[in-house]
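Encoded as structure tokens, the structure appears first; notes follow it.
The values are calculated or read from the model by the stated rules, or taken from the named source; none is laboratory data. Treat the numbers as computed from the prediction; the structure is a model and nothing was measured. Cβ: placed from backbone, ideal geometry, glycine included. Neighbour counts: every protein chain shown. Remember, those area values only see protein heavy atoms, side chains included, never the ligands or the DNA or RNA. Shrake-Rupley method; radii C 1.70, N 1.55, O 1.52, S 1.80 Å.
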Amino acid sequence: MMIDLPLDASLAQRYVAGSTTAAETMRVERAMDSSASWRGLVGAQVPAERLEHNLAGVVAELDAPKRGFVERSMIRVGLHDHVARLLAATPVMRRSWYIASVLVLFFGLAASNPDNTNGSLGIFLAIAPLVPVLGVAVAYGPGIDPAHDMTVATPLSGFRLLLIRAVAVLATSVVFGGIGGVLIAQSHGIRVVAWMLPALALTTATLALSTAVATRTASAITAGGWLIGVAVVARAADDFTMFGAPAQPAYAAAALAAGIVLFMRRDAFESVEVAS
Amino acid sequence: MNAASLRVDRVGHSYGKRVALQDLSLSALGGVVTVLGPNGAGKTTLLRSMATVQRASSGQIYVDGLDVSVEPDRTEARRRIGYLPQEPRFAPRATVFDIVDYLAICKEHHDRRDRHREVRRVLEAVQLGDRADDRVRALSGGMVRRLGIAQSLLGQPRLLVLDEPAAGLDPDQRLQLRDLLTTLGATSTVVVSTDMTDEAAAISSQVIVIADGTTRFVGTAAGLTRLAGERVWIAPQAPARATRSWRQPDGTYRCIGDPPPGSTMVEPTMEDGYLLLVSAPTEAAVA
């Protein structure tokens, strides 16, 4: 096939440098499509380093493991590739998200029964904050993450990894809890979001407690304490007392206090104590 | 030479009332340092402490002069360390590539392209390149260990801490591992724990024997062998007095300890020296 003239080395050089006009670019690319000599001419203008870099990029893409749905979604909403990978690389955690979603939706649907009462809303509000606590329990730590020892020995701070995962668990819980809330919002109005601050407080308290005991133990203590507290208050007053407007600032304060304790004791996540 | 200096200074560690390490000191710069000792001697505790996975109850550990017990030194030290735990475990449903890719991110390889190139490099180094897409649950025990070794090589660490890297490998793979470790030892400091004396003899530039949490020997493989000089003999029957003895295929007994007069003495091996050291409590030896 004939090449449109004039096509020469200087044009190829300018093409490689990215300084050709749109029309010239099209002509060069059309020429390269149809002519091996033109591909050779243009290729010869590209520094070997750049060619190697480009080839490495192609190979990297070919070798790259296929991203799962969760990872793709996280990248789509703007997360860095490596952060999404950190989050998605723990299968146990993903399973916990599914468990969390199923639990919240189940109780949401239960409470949205046409014969619902304050009691059924109370169950939803009492259980929903436990979902992120459950998620945190299976998101980080020896015995949870099989490669935990190897992860601890890397420069990535254990505290940072824990926070990344805890935030992801909380965000997922809010989404699924929100779906559950929407299902019953017609009957109960804005009160269906009253579980969010307790969830934040309980999750932060679990993280703070896990600087002293295993994460699973910490989760069991906060979840157990919460359920006992809710039951005692519900008996003494009514089902909604724990979730009313006067109680909400107390949860915010508790979350803040637990957050401060967590930050001050963050070094606890930088080593593992195991007898061997 | 890219090797990191390692200094362990009077390190001790206890699990409740059980003392695992007691006032243990050593130093290394380059080469392959083998930590030998019987089960429960404290090898894994020592290596976990070196790798910053576990905090020693007492004493200090320095990597290139960085105190691994405090920040920001610890994070900086971790940039120089590659670690293989005694029992490497991975999410069974993840692929070989995913696992190493994930740990590469933890080791601050954030650029996707460079990271994948590094992942391929370390997988090739342990002959797992063609298994990159396999799930961990499809790997044999030896392959899982090689995967563990691969992740420890990410970023060409200046200090490699490998807890029993040869366990579960077949003879051919052990030979390849020896080759890899001695190659790495030329440019890095490689600390390897093992209870296989033949492995230690084959690769070590320095041997450390620990038992009951204390150092029994620091020196070379030849020095450890020399400890058993004139203390190994062959007897036709089970000896009444020997520190250790065992029956050989020809029916005679190989004995180590203080030989009776007129014994048939034989050349000692490193294993003889090691057995002499760990069979009876002695003062620490340096050879």
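Odds and ends about this structure:
- Our coupling estimate for the stretch B:7-21, obtained by passing each phi through the Karplus curve with A = 6.51, B = -1.76, C = 1.60 and θ = phi - 60°, is 9, 10, 10, 6, 7, x, 8, 10, 10, x, 8, 7, 8, 9, 9 Hz, Gly and Pro reported as x.
- Counting only other chain Cβ atoms within 10 Å of each residue's Cβ, the peptide B:112-119 averages 5.
- Against chain A, whose longest principal axis comes from its Cα atoms, helix A:248-264 is set at around 60 degrees.
- Heavy-atom accessible area, probed at 1.4 angstrom with all protein chains present, ranks B:21, A:51 as A:51, B:21, highest first.
- Each residue of the stretch B:27-39 was assigned a 3J(HN,Hα) from its phi angle through the Karplus expression (A = 6.51, B = -1.76, C = 1.60, θ = phi - 60°), giving 8, 7, 8, x, x, 9, 9, 9, 9, 9, x, x, 4 Hz with x at Gly and Pro.
- For the protein assembly as shown, share of DSSP beta bridges that run antiparallel, in % to the nearest 5: 60 percent
- At R0 = 25 Å, FRET efficiency that the Cβ-Cβ distance of residue B:183 and residue A:160 yields, to 0.05: 0.15
- What the phi angles of the stretch A:14-25 give under the Karplus curve with 6.51, -1.76 and 1.60, with θ = phi - 60°, is a coupling list of 5, 4, 5, 6, x, 10, 7, 6, 4, 5, 5, 4 Hz, glycine and proline written as x.
- Test item: B:95-105 mean partner chain Cβ contacts at 10 Å: 5
- Cα-based helix-to-principal-axis angle, B:96-106 vs chain B, degrees rounded to 10: 80 degrees
- Computed [θ] at 222 nm, helices only, for chain B once each DSSP H run of length n ≥ 4 contributes -39500 (n - 2.57): -9000 deg cm²/dmol
- Accessible area in the full protein assembly, largest first, 1.4 Å probe, for A:251, A:140: A:251, A:140
- DSSP bridge pairs, the stretch B:44-194: antiparallel proportion in percent, nearest 5: 25 percent
- Across peptide B:147-154, the mean count of Cβ atoms from other chains lying within 10 Å of each residue's own Cβ comes to 1.
- The C-alpha atoms of chain B define a longest principal axis, and helix B:270-279 lies at about 80 degrees to it.
- Candidates B:276, B:180, B:159: whichever shows maximal mean-square fluctuation once chain B is modelled as a Gaussian network with Cα springs under 10 Å: B:180
- Comparing A:226, A:38, A:195 in a Gaussian network model of chain A, where Cα atoms under 10 Å apart are tied by springs, the biggest mean-square fluctuation is seen for A:38.
- Solvent exposure of residue A:190, expressed as accessible area, is near 140 Å², computed with a probe of 1.4 Å over the protein chains only.
- The GNM of chain A, with springs linking C-alpha atoms under 10 angstrom apart, assigns the highest mean-square fluctuation among A:135, A:180, A:189 to A:189.
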